C-alpha cells in the first residue's frame with residue numbers, strides 16, 4: 001500500500017510536466033510563426049523601397065500598389081493578433097505609405 005502513493009505522485013508530476021512542456025512547445029511554435037511573418041513583411045518593405053517607383057498611371061485609384069495593400073493587410077493582421085503594438089503598427093504603416 002505504501003508503494004502506490006509514490007507511484008501515483010510520480011505519475012501526477014510526470015503528467016503535469018508533460019502538459020507544461022507541450023504548452024511551452026506550442027508557444028514557441030507560435031512565436032516562430034509570428035517572427036516569420038514579421039521577417040516576411042520587412043523583406044517586402046525592403047524590396048518595395050529598393051524598387052523604382054511605379055508610374056502614376058499604374059497605381060490603383062487609391063494611390064496604393066497591390067504590394068503596399070498586401071503589406072498593410074499583413075500589418076493589420078499582426079496588430080490584431082497582438083504581435084505589434086499600436087506604435088509599431090503606425091511606424092510600419094508610415095514606412096509603407098511613404099514608399100508609395
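Derivation of every value follows stated rules applied to the coordinates shown; laboratory data play no part. Predicted model, so just to flag it, every value in this text is computed and none were measured. Ideal geometry is used to build each Cβ from the backbone, glycine not excepted, and the neighbour counts take in all protein chains shown.
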* Modelled label-to-label distance, residue 28 and residue 95, 7 Å Cα→beta-carbon offset: nm? -> 2.8
* Structure fact -> Listing 12, 69 by rising number of other beta-carbon atoms within 10 angstrom, fewest first, gives 12, 69
* On full extension of the chain, what length is gained from residue 66 through residue 88, given 0.36 nm per residue of separation minus the C-alpha to C-alpha distance? -> 5.7 nm
